[in-house]
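Data block below; observations after.
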Amino acid sequence: MLVSNLGYPRIGEKRELKWLLEAYWEGKLAQEAFWQEVFSLEENNWRRQLKLGVELLPVGDFSLYDHVLDLAFALDLIPQRFEFLRGRGGLELYFALARGAEGVKACALKKWFNTNYHYIVPEWEKEPRLVTNPYLEAFQRARQALGVNGKPVLVGPFTFVKLSRGYRDWREALESLLPPYVALLEQLAEAGAEWVQLDEPALVLDLEREEVEAVERTYRQLAEKSRVKIMLQTYFGSLSCYPEVMRLPVAGVGLDLVSDARHNLANLEHYGFPKDKVLGAGVVDGRNVWRTDPKRALELVRYLSGFVSPDRLWLQPSCSLLHLPVTVAGEERLPPELKNALSFADERLQELRMLKEALTRGEETVRAEIEEASRARQALDAMPGRVVPDVRRRVGVLGEEEFTRSVPFEERQKLQAEKLKLPLLPTTTIGSFPQTSALRTVRARFRRGEISKQEYRDFIRQEIARWIKIQEEIGLDVLVHGEFERSDMVEYFAAKLPGFALTANGWVQSYGSRCVKPPILYGDVWRRESLTVAETSYAQSLTTRPVKGILTGPVTMIKWSFVREDLEEEQIAYQIALALRDEIAELEREGIGIIQVDEPAFREALPLKRRERPQYLLWAAQAFRLATSGVKPETQIHTHMCYADLEEVLSALEGMDPDVVSVEAARGGAELVKQLERHGFRRGIGLGVFDVHSPYLPQEEEMERFLSRVLDLFPPDRLWVNPDCGLKTRKEEEAVEALRRMVAVARRLRAKL
Ligand code: GLN
Ligand code: ZN
């Protein structure tokens, strides 16, 4: 029985990789020194894992930016537009694909399955061919530095094709990957690698017959043509084609036995596990932070022993530990009961080691550890705030009327038009304005206790006032306060709501050097104090134009946090929704007539398997209605979602019963409008007319062309004009100029209507 790991957080305990990357990009670190530091971080990550008991060390999972990009790069999938950079060396070309270069757009970023990690989408403009082998290099580094025979980890061919774009036909693409993969594996075998882990999370998606057959063909050939042992690793759910995969001539199959374990276990029970393979048993959670229940985990492994002999059983996390912070050590500000009940990456590995000890040398040898873990879990359950009877009661007695607005949309629309008196094609923004370095400095000083709460608040108020003027000057119709008090749209609310805790250092890589620090939702959520009323009504007091209140919705609060597992997400969503409902009621009392509840994570929270989607969409839409339906008919409710890829959630949009929806539409906006029409969507819609993530200013002609096209398809009294997301990350001058142009375009078009 071996303890194996699938991947380790690359970013480093103190976000070392982030600082190295940024120093290098800013030219403050020479290339040679950069490489040296990077390798030492990689080595440090290896040493930690070995010390924690990992026996099969993943290598090659470390990446300077993203593991999908690494593979695309090794396969020479460099889009033509970057070719001019070839002469400047690999590193520059690599970062250009990820981040763009002078006048050249970066490759797209997309969410990695249902996680909050973003990968770089490979673009196929030509046949892949193996030009470098970073996995071999990592393997050799590990051997040299530590004398360890590591297990190279890379994305498998099927998943790689699934995540790519630009090929003519996916079957051809998959076939064309065979020669480079064979070559890559052969080089590893040559160097002495025994095992290679090929990650195929795409095998947990719903698959067509034809896709399953292609997977079978590919792996037959790969296994036949290479001497190295293949661990076919799946995760993020249960394998969709269990019997077919078990018949493949690969040496091992890795299963996620945490998320959706039920189906994997049912298949195991029904089909058994082949005698000729290793089972990579994902028995501890790589996605969430709660300490493993050792008794249940031991039971699970004992059960597995009925199907596989111990020498063919690997204990591993359910997926790469990339999605967890590095360690709980140092989280001294958390309540002790909470801290003790958490496991981040390092603690997960300790759990695996403990399980192995218990199973190989007898439970007695780790009795104390097992008991400590059980005690910690019990202490968490008994923690103050874990169960708040009033909250439970309030959710328990919810009736249909709390989910329903008093008047249907068509009537509300008239009342709102009368009250708000907005022009056709009203202009607005999504909420946040640029956060200047002055603001960040003031916030940091406030956190360190160097300035008082009053001084901090005054500074925020100055910013709000300054931006109300700017917005009036630009001529926007619906203003916002600017979200200057929020460092992050989830963290800000989590800090104020009981039930959430914030870590000091729980960083997780989001993409490249960007990290997020997800709050931990451990208890019942309720509203103890106003969340946004002070800032919003202050903004409203400065202007006669309507100020739109901005809140973060229940799904996004859940999806961007680490969430308790003793309560259904649906129930948690209702708790958050009730807190928002109270906030919205207070905003309304304070004279705020338009309120936007952001749900950018609504789409990404969609379950990977189709069969699970209807249920999710139902409660997610209901939670939104619970938050927003208590208002008067003339109060206008908006929602915002980031991505235009909305096909699956369109029906849920209707179920959310908003008055106005704003979405990103910079790409394929007219297509989206057609979709909306097809679905009979009758609400107001704000199509993002420019891309807030682009460093280039939007051109008026472009915006005008886009809006005119949309106006051919959509009635002007339901169309709003806004950017596609918050302007937080832009420079102030850029944001102002972009908005000026947007307003000019809206006015010109309005005059023609
Ligand atoms: N209101 C938020 C903002 O403007 C929305 C952010 C988002 O959709 N990700 O920043
Ligand atoms: Zn957005």
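Filtered by the rule that a residue be closer than 15 Å to F562 by Cα, in contact with a strand residue (DSSP E or B) (Cβ under 8 Å, 6 or more places away or on another chain) and not in a helix (DSSP H, G or I), the stretch 332-348 gives L334, A341, L342, S343. Do we find that P128 is more than 21 Å from the chain's Cα centre (by Cα) and in a strand (DSSP E or B) in this structure? Spelling it out, it is not the case that P128 is more than 21 Å from the chain's Cα centre (by Cα) and in a strand (DSSP E or B). In the stretch 114-123, the condition of being part of a helix (DSSP H, G or I) and either of a type outside the set (D, E) or within 31 Å of the chain's Cα centre (by Cα) (or both) is met by no residue.
The condition of being within 28 Å of E208 (Cα to Cα) and surrounded by fewer than 24 Cβ atoms within 10 Å (Cβ to Cβ) holds for only one of V250, V308, that being V250. D61 meets the stated requirement of being outside any helix (DSSP H, G or I) and within 17 Å of A138 (Cα to Cα). When restricted to residues that are away from ligand 1 (no atom under 15 Å from the Cβ), outside any helix (DSSP H, G or I) and either touching a Phe, Trp or Tyr at 6+ places or on another chain (Cβ under 9 Å) or not charged (D, E, K, R) (or both), the stretch 607-650 contains 8. Counting residues in the stretch 598-606 that are more than 16 Å from ligand 2 (Cβ to nearest atom), in a helix (DSSP H, G or I) and either among the polar types (S, T, N, Q) or within 19 Å of the chain's Cα centre (by Cα) (or both) gives zero.
Residue check: is P274 surrounded by fewer than 21 Cβ atoms within 10 Å (Cβ to Cβ), farther than 16 Å from E200 by Cα and either modelled with pLDDT of 95 or more or touching a helix residue (DSSP H, G or I) at 6+ places or on another chain (Cβ under 8 Å) (or both)? Considered against the rule, which asks whether it is surrounded by fewer than 21 Cβ atoms within 10 Å (Cβ to Cβ), farther than 16 Å from E200 by Cα and either modelled with pLDDT of 95 or more or touching a helix residue (DSSP H, G or I) at 6+ places or on another chain (Cβ under 8 Å) (or both), P274 comes out as yes.
Would you say L69 is surrounded by 19 or more Cβ atoms within 10 Å (Cβ to Cβ), touching a strand residue (DSSP E or B) at 6+ places or on another chain (Cβ under 9 Å) and touching a residue at least 24 places away in the same chain (Cβ under 8 Å)? Criteria met by L69. Among the residues of the stretch 291-322, those that are under 28 Å from P384 (Cα atoms) and part of a helix (DSSP H, G or I) comprise P294, K295, R296, A297. For the stretch 693-703, the condition of being charged (D, E, K, R), within 14 Å of ligand 1 (Cβ to nearest atom), surrounded by fewer than 22 Cβ atoms within 10 Å (Cβ to Cβ) and at pLDDT 90 or above holds for none of the residues.
Given the options F39, F82, name the one that is in contact (Cβ under 8 Å) with a residue 24 or more places away in the chain and either of a type in the set (A, V, I, L, M, F, W, C) or in a helix (DSSP H, G or I) (or both). Residue meeting the stated conditions: F39. Return a yes/no flag: does the stretch 529-540 have any residue that is at pLDDT 95 or above, in a loop (DSSP other than H, G, I, E, B), away from ligand 1 (no atom under 16 Å from the Cβ) and touching a Lys or Arg at 6+ places or on another chain (Cβ under 8 Å). Yes, that holds for at least one residue. A Cβ distance below 7 Å, combined with a sequence gap of six or more or placement on separate chains, defines the contacts here; from the stretch 711-728, residues that are within 22 Å of H679 (Cβ to Cβ) reach residues that are aromatic (F, W, Y) and within 14 Å of ligand 2 (Cβ to nearest atom) in the pairs D724/F690. In the stretch 461-489, which residues are within 16 Å of ligand 2 (Cβ to nearest atom) and in a loop (DSSP other than H, G, I, E, B)? Answer for the stretch 461-489, where residues must be within 16 Å of ligand 2 (Cβ to nearest atom) and in a loop (DSSP other than H, G, I, E, B): V480, E483, R486, D488, M489.
If you filter the stretch 433-478 down to residues that are among the small types (G, A, S) and touching a residue at least 40 places away in the same chain (Cβ under 8 Å), you find that the one that is surrounded by the fewest Cβ atoms within 10 Å (Cβ to Cβ) is G475. For the stretch 641-657, filtered to residues that are within 15 Å of ligand 2 (Cβ to nearest atom) and closer than 17 Å to T552 by Cβ, the residue that is modelled with the highest pLDDT is M641. Check whether at least one residue in the stretch 584-594 is more than 19 Å from V478 (Cα to Cα), in contact (Cβ under 8 Å) with a residue 12 or more places away in the chain and more than 16 Å from ligand 2 (Cβ to nearest atom), and report yes or no. The answer is yes; a qualifying residue exists.
The lone criterion from (1) at pLDDT below 90; (2) touching a Pro at 6+ places or on another chain (Cβ under 7 Å); (3) among the hydrophobic types (A, V, I, L, M, F, W, C) left unmet by V104 is number (2). Scanning the stretch 505-549 for residues that are β-branched (V, I, T) and under 30 Å from L17 (Cα atoms) returns V508, V516, I520.
Scanning the stretch 541-570 for residues that are aliphatic (A, V, I, L, M) and part of a helix (DSSP H, G or I), we see that the one that is farthest from ligand 1 (Cβ to nearest atom) is I558.
In the set A573, A585, A579, only one residue is closer than 21 Å to I550 by Cα, away from ligand 1 (no atom under 16 Å from the Cβ), part of a helix (DSSP H, G or I) and within 22 Å of the chain's Cα centre (by Cα); that residue is A573. Could you go through the stretch 47-61 and let me know if any residue there is free of Cβ contacts under 8 Å to residues at least 40 places away in the same chain and not small (G, A, S). Yes; the residues of the stretch 47-61 include at least one that is free of Cβ contacts under 8 Å to residues at least 40 places away in the same chain and not small (G, A, S).
The values are calculated or read from the model by the stated rules, or taken from the named source; none is laboratory data. On a predicted model such as this, the values are computed, not experimentally measured, just so you know. For neighbour counting, all protein chains shown are included, and Cβ atoms are generated from backbone atoms with ideal geometry for every residue, glycine included.
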